[in-house]
């Protein structure tokens, strides 16, 4: 009796294996993407119905994990398409010759958005949707906590927002990296970092995933989040009590799609890219669950009222994003953010709180000595540990860019990271001390 | 048959065994099992350890470890992991001990229901629980909103490490509960009665007599909780806690790349600490005799509680059960919720999320059943074979099979996954041209290897309880060895094998640590990964929760059915006797 039971088990297992192997022989298009299931599922279905016999395989990875995946896949077994938001990731891929150059433009797509080219001038990848960065907030949360609605990044450094903000970390999320770069490029290295540190000091959490921010705002854990536009727009379209604005220091950059070099199914890949750039493929972006900005201007005619249109001049994007600059210092910015902010968040928050408290006590009082202490505390807590000069140093940047890590290099980088980390901790502790001394002087 | 005859039979048998210690078939099976374990456990893990100590050109170095300990972030992660695992054990104990003690040692209505409900947390992936707990205990969760309204206070239950400890303790306490229930029911009540005669009562009786006697069960459960929490990746990730070892290993390998040596150093440390925890639990029990003369329920006299005691006990248990079931309640609410934002309960309810799941992802449900089914099947096959080889043959080195298989318990999922990615990089499955590391097969293998210790333990226990004379009787009646195994041994071990199957299946279905690293494509993804994926978008939160509810339902159904099967089988056997 037992043997028949086993036989049945084996039959089931064998049938399952046959079934799964059977699908391998259909034409499979493998797409590496950082996009959520809501988006990929719509495109997968649309493309599969238009091309019977084709199976779209979605490999869902974070942007940097996706780059690592493409790089480490063996040469004879590469996926076909890379599809993600962050232009710098595409820069990295095309520099490493991991993308296939070909002409697949849709002629109706404008050459530029602002001064930023929508398609890669060298032809390695194509802009598929546009994205801007901004602020989303939970209206119920702000009302309950009596917090005013923000308009600009600079608003978020105010004491009234302490503990209500959330951001992600650039090392984990390509879109957060873009946001941070946008602020750094818009405000300049030193001022940008100072603003970023103050916002992070006001933050309740540095989330691990980029979606952690909009998710937390949606369910009301956090009041305000720094997000890419479609997170805010799609949440609003899904019925959550949230709002989204583009601040003036924003940039509109394309989310891209590109064919991977040595793709197993290159022709099918090109067909898919052409589909995403066509009128039909662009209209899919207007799906309320997706809510992205099409690159094809004509599609906006079909959009619902109040849908942001970057071609109409309604969004004032002050920053002309420089992706070469961003790519050159990619790892430095990520690593600095992690060492100063992500991993030292508790200390940074303590310093920020002490500074807010002290400045509240000193408000309206004329106490130059206390003001001086407070200014020192601010300088310690909110200045970047790597100055602008060093951030331009080619040798310094090169140390971080190479991914091959021998023990010598590992030692150097970990040594540097440790130095930053412990310096940040020391600075924050000192800032707390100075700020409380300043506060105690206020009589 | 006379006794003399039987004795002679045994004598002949053992002389034959001395002459020939094993058959070629047994040797072949043992070698096959060893090859499987070597390829999918020992070599990948050895590879990880090797990289942690190797220069790129092959020389030995300790410099990666120096780099690691030089980073204060890593030191901090290390202490945080220890702290979280340790505190989780403490809180899990606080939950599990009263539940077990009251329900086993006292006359208690609904004891079985309480013990069953107590196992429920195990069948939900802990990170799904974490999402639900955020909504109920988080900063703007139901509880804090109510507290803020009423008293203007809020409790930081889910902030940082607190949240991880809270979720892990609630998730893993059943390991302590289950082991403790068994241990407590095996205590001879004469011990307790003697103590009472000598004047001990109340807490003193529990502290000095009952708990020490149940120590083996407690230590086994507690060390398992420690290891599991130490290894868990999904919960800290969902709660945005990154300064712990498992998340750091994951972040290092996925963002810096598979070449980053620090990831391997973390892996080695995680293995070492898991080994220490398991070794310490063995050491704690060594050299003590826990055997009591009489065993089993028959001697157990349940005491009755005084009314005020009963009130306290029921109250406490109700509170604990409510707490234990909040993740389930939360996820159920979320799966029906239209919009749930900054409010005590969702604004409106809908069935839409279930429709989405059935439309989009029936494949994931099937994948989970299929992968975990095969993995559990491999586990019981290997478990039965290993148990038989160890207990019934004299194959040299047979105990090393047990050792190797059990070693999987000390290997965190992240580490095994890293080992696979490294060892099998670029290797293709014959005839399909597909990469092993990007196929579903690697998931099945990972599940099978990681859950083998559970299945092995229950198979061993089942075979140990089976007296060898039954096999000898069959052989005396003319059955050859194969027939004896298939007709006598395996059917009589049935219950144990099934229990092993269920344990493997259940725990594999909710595993995320290895899954998240080894899953490459959505169509091969199991449910646990699917839930994680759904939870990445605003519209997907409800759908993810719905998938979570389905996962719980499937695992619960499977467990229930196998219990039923087990009972009817037991009834069959009784009729036979």
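At a glance:
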| item | result |
| --- | --- |
| Selected from A:284, A:362, A:293 as most flexible by GNM, with chain A as the system and alpha-carbon contacts under 10 Å | A:362 |
| Cα-projected label distance for residue A:426 with residue B:464, points at 7 Å along beta-carbon direction, nm | 5.7 nm |
| Which of A:83, B:279 has the fewest Cβ neighbours within 10 Å, and the rest in rising order | B:279, A:83 |
| Förster radius 41 Å - calculated FRET efficiency between residue A:366 and residue B:82, Cβ distance, rounded to 0.05 | 0.20 |
| Relative contact order (percent, whole number), the range B:59-249, Cα cutoff 8 Å, 6+ residue spacing | 33 percent |
| Cα gyration tensor category, rounded, prolate or oblate, for the range A:61-163 with a/c compared to 1.5 | prolate |
| Rough spin-label spacing in nm, given labels placed 7 Å along Cα→Cβ, for residue B:560 and residue B:62 | 5.8 nm |
| Ranking of B:232, A:190 by count of other Cβ atoms within 10 Å, fewest first | A:190, B:232 |
| Förster radius 56 Å - calculated FRET efficiency between residue A:385 and residue B:431 (Cβ-Cβ, nearest 0.05) | 0.55 |
| Of all DSSP beta bridges in the protein assembly as shown, antiparallel share, percent nearest 5 | 60 percent |
| Listed residues A:369, A:185, A:198, most fluctuating in chain A (Gaussian network, C-alpha, under 10 Å) | A:369 |
| Cα shape, the range B:59-249, gyration tensor, a/c 1.5 rule | oblate |
| Calculated FRET value between residue B:147 and residue A:158, using beta carbons and R₀ = 30 Å, to 0.05 | 0.65 |
| Rg over Rh [alpha-carbon atoms, Kirkwood Rh] for the range B:454-494 | 1.01 |
| For the range A:22-66, projected area of the alpha-carbon convex hull averaged over all directions, nm² | 3.2 nm² |
| Calculated log₁₀ intensity ratio I(q)/I(0) where the Debye formula runs over C-alpha points of chain A, q = 0.05, 0.06, 0.14 Å⁻¹ | -0.21, -0.30, -1.30 |
| GNM flexibility winner over chain A from A:61, A:412, A:316 (Cα, springs under 10 Å) | A:412 |
| Calculated [θ] (222 nm, deg cm²/dmol) that DSSP helices of n ≥ 4 give over chain A, each run adding -39,500 (n - 2.57) | -15000 deg cm²/dmol |
| Order of A:72, B:168, A:418 - criterion: other Cβ atoms within 10 Å of each residue's Cβ, fewest first | A:72, A:418, B:168 |
| Three-way shape call for chain B based on the alpha-carbon gyration tensor, with the a/c threshold at 1.5 | oblate |
| Within chain A, percent of DSSP bridges classed antiparallel, to nearest 5 | 60 percent |
| Average beta carbon contacts from partner chains per residue of B:517-529, 10 Å cutoff | 4 |
| Tail beyond 50 Å, pair distance distribution of the protein assembly as shown (Cα, percent) | 26 percent |
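Every number here is computed from the coordinates shown, using simple stated rules; none is lab data. Since we're looking at a predicted model, the values are computed, not measured. For neighbour counting, all protein chains shown are included, and Cβ atoms are generated from backbone atoms with ideal geometry for every residue, glycine included.
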